[in-house]
Structure formats: C-alpha cells, structure tokens
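Visitor: One structure, pasted below without further comment.
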Amino acid sequence: MKTILYDLRKRTGLTQQELAQATGKARALITDMENGRRPITAKTAMKLAGPLGVNWFEIIDAGQSTTTGE
C-alpha cells in the first residue's frame, strides 16, 4: 500500500534517490516509508517537508490516517 509520502514525492517529481539526498536519509528508508513498512517519525517528517513543499504535520497526520485505516 502506497502512502502519502509516495504521492507527495511523485507530485514534486523527485526520485527516491533525490529525496534521500535532500533529506540525508537512506533511499531504502524512503522506500520502506512509502510502502508503509516503516513509520514516519516527526523528526523525519520535518526533514521530508521542505523538499516536498508541505508542512511536516501534514505528512504525520496523513500517515496516521493511512496506517490506522481511519
């Protein structure tokens, strides 16, 4: 199941590698978060927000809704 992170990354036109480089995170971590295998922490959301052009809490709020089925 793809998450909001996947949608946001695609919308910005970034590759996983580009997002990883922009945030200092491993590409494998980006992949795992996009596929719902790893949670997105507030600290990571803050790093992702800038390159994705959103507020960090939007990533967290959407992620919680996706993972809980709400």
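Visitor: Regarding residue 49, is this residue surrounded by 18 or more Cβ atoms within 10 Å (Cβ to Cβ) and either out of contact with any Ser or Thr (no Cβ under 8 Å at 6 or more places or on another chain) or at pLDDT 95 or above (or both)?
Guide: Working: surrounded by 18 or more Cβ atoms within 10 Å (Cβ to Cβ): yes; either out of contact with any Ser or Thr (no Cβ under 8 Å at 6 or more places or on another chain) or at pLDDT 95 or above (or both): yes.
When the stated conditions are applied, residue 49 passes them.
Visitor: Another question, then. So which residues in segment 1-46 are of a type in the set (Val, Ile, Thr), part of a loop (DSSP other than H, G, I, E, B) and either touching a Cys at 6+ places or on another chain (Cβ under 9 Å) or surrounded by 17 or more Cβ atoms within 10 Å (Cβ to Cβ) (or both), if there are any at all? Spell out the reasoning first.
Guide: Going through segment 1-46, the residues of a type in the set (Val, Ile, Thr) turn out to be 3-4, 12, 15, 23, 30-31, 40-41, 44.
Right, trim to part of a loop (DSSP other than H, G, I, E, B) and you get 3, 15, 40-41.
Those that are of a type in the set (Val, Ile, Thr), part of a loop (DSSP other than H, G, I, E, B) and either touching a Cys at 6+ places or on another chain (Cβ under 9 Å) or surrounded by 17 or more Cβ atoms within 10 Å (Cβ to Cβ) (or both): 3, 40.
Visitor: Sticking with this one: Answer with yes or no whether residue 60 is at pLDDT below 95 and hydrophobic (A, V, I, L, M, F, W, C). Write out each step before concluding.
Guide: Values: at pLDDT below 95: yes; hydrophobic (A, V, I, L, M, F, W, C): yes.
When the stated conditions are applied, residue 60 passes them.
The values are calculated or read from the model by the stated rules, or taken from the named source; none is laboratory data. Note that this is a predicted model, so its numbers are computed, not measured. Please note: Cβ atoms are built from the backbone with ideal geometry, for glycine as well, and neighbour counts cover all protein chains shown.
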